[in-house]
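**Q** First, the structure itself, so that you have it in front of you.
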Amino acid sequence: MKSLVVYYSRTNITKKLAEDIAAKTGSDIDEIIPKVNYQGKIGYARGGKDAMQEKIIEFEDMKFNPQDYDVVYLGAPVWVSKAANPLLSYIKQNEGKFNEVKFFMTAGSSGFESSFKQLEKYCKKPLKTIGLTTKEVKKGEYDLTSFIQ
Ligand SMILES: Cc1cc2nc3c(=O)[nH]c(=O)nc-3n(C[C@H](O)[C@H](O)[C@H](O)COP(=O)(O)O)c2cc1C
């Protein structure tokens, strides 16, 4: 089974999880790098506003084509109880190219369910989902066994 991990991460928490999923599944891995700057204080505010509006943004070219994979793991942080809009932008650009998908998200504390629902609307019904807090990822306090099966 050929799998790909695609993620967006602003402060490297989702990145850490993405790299762990890729290592445990032997997946290729690709990062969404927005052309919009979401770093720093101004970036934080911009991210909140853009996520609220589900803004579609431009991002750098990606290395891999999701169509070439049986399963694509899609990951992002929760922003204002939604999936961070850079991931929505990637999904939109690749509409119809996903075979099976699984969603993984990180958040300070909450907003997982609303974000998964939103991702399902943009993409398709996932085989599985996992939502972890920033703290759980930082400390490595999670178990991916069932998620990656
Ligand atoms: C603009 C913005 C909005 C956020 N909104 C939420 C939220 O609604 N609920 C929550 O629990 N955490 C929220 N967070 C915190 C992030 O989801 C959390 O820190 C996440 O693990 C960061 O992942 P990253 O390092 O991959 O960017 C928000 C962060 C940002 C920057």
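**Q** Specify the residue that is surrounded by the most Cβ atoms within 10 Å (Cβ to Cβ); the eligible residues are those in the range 37-48 that are assigned to a helix (DSSP H, G or I) and within 9 Å of the ligand (Cβ to nearest atom). Steps first, answer last, please.
**A** Looking only at the range 37-48, we keep the residues that are assigned to a helix (DSSP H, G or I), and these are 40-48.
Imposing the further condition that a residue be within 9 Å of the ligand (Cβ to nearest atom) reduces the set to 43-48.
Details: G43: 15, Y44: 14, A45: 11, R46: 16, G47: 23, G48: 14.
Filtering the range 37-48 for residues that are assigned to a helix (DSSP H, G or I) and within 9 Å of the ligand (Cβ to nearest atom), the one surrounded by the most Cβ atoms within 10 Å (Cβ to Cβ) comes out as G47.
**Q** Just need a number here: residues in the range 90-114 that are part of a loop (DSSP other than H, G, I, E, B), among the small types (G, A, S) and in contact with a helix residue (DSSP H, G or I) (Cβ under 9 Å, 6 or more places away or on another chain).
**A** Step one: filter the range 90-114 for residues part of a loop (DSSP other than H, G, I, E, B), giving 94-99, 108-111.
Of the ones still in play, those that are also among the small types (G, A, S) are 96, 108-111.
From what's left, in contact with a helix residue (DSSP H, G or I) (Cβ under 9 Å, 6 or more places away or on another chain): 96, 108-109.
The qualifying residues number 3.
Yes/no per residue for (1) of a type outside the set (D, E); (2) closer than 24 Å to D143 by Cβ; (3) more than 13 Å from the ligand (Cβ to nearest atom):
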site: K15; (1), (2), (3): yes, yes, no
site: D28; (1), (2), (3): no, yes, yes
site: K35; (1), (2), (3): yes, no, yes
site: I57; (1), (2), (3): yes, no, yes
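**Q** Pick from K138, K117: which is free of Cβ contacts under 8 Å to residues at least 12 places away in the same chain and either surrounded by 15 or more Cβ atoms within 10 Å (Cβ to Cβ) or not acidic (D, E) (or both)?
**A** Only one candidate passes the filter, namely K117.
**Q** Listed residues I29, I21; which is in contact (Cβ under 8 Å) with a residue 60 or more places away in the chain and closer than 23 Å to L144 by Cβ? Please lay out each step first, then the result.
**A** Working: I29 fails: in contact (Cβ under 8 Å) with a residue 60 or more places away in the chain.
Exactly one of I29, I21 is in contact (Cβ under 8 Å) with a residue 60 or more places away in the chain and closer than 23 Å to L144 by Cβ, namely I21.
**Q** Taking A51 as meeting all but one of (1) closer than 16 Å to Y7 by Cα; (2) of a type in the set (A, V, I, L, M); (3) surrounded by fewer than 17 Cβ atoms within 10 Å (Cβ to Cβ), write down the number of the exception.
**A** A51 satisfies every listed condition except (3).
**Q** While we're looking at this one, here's another question. Kindly provide the set of residues from the range 53-89 that are touching a helix residue (DSSP H, G or I) at 6+ places or on another chain (Cβ under 7 Å), under 19 Å from L17 (Cα atoms) and assigned to a strand (DSSP E or B), ordered by number.
**A** V72, Y73, L74, G75, A76, P77, V78, W79, K82, A83, listed by residue number.
**Q** Quick test of your reading of the structure: G111 fulfils all but one of (1) touching a Phe, Trp or Tyr at 6+ places or on another chain (Cβ under 9 Å); (2) touching a residue at least 24 places away in the same chain (Cβ under 8 Å); (3) farther than 20 Å from K16 by Cβ. Name the failing condition by number.
**A** Condition not satisfied by G111: (3).
Read-outs throughout are calculated quantities, based only on the coordinates presented, and are distinct from any laboratory measurement. From a predicted model like this one, the values you see are computed outputs, not experimental measurements. Cβ: placed from backbone, ideal geometry, glycine included. Neighbour counts: every protein chain shown.
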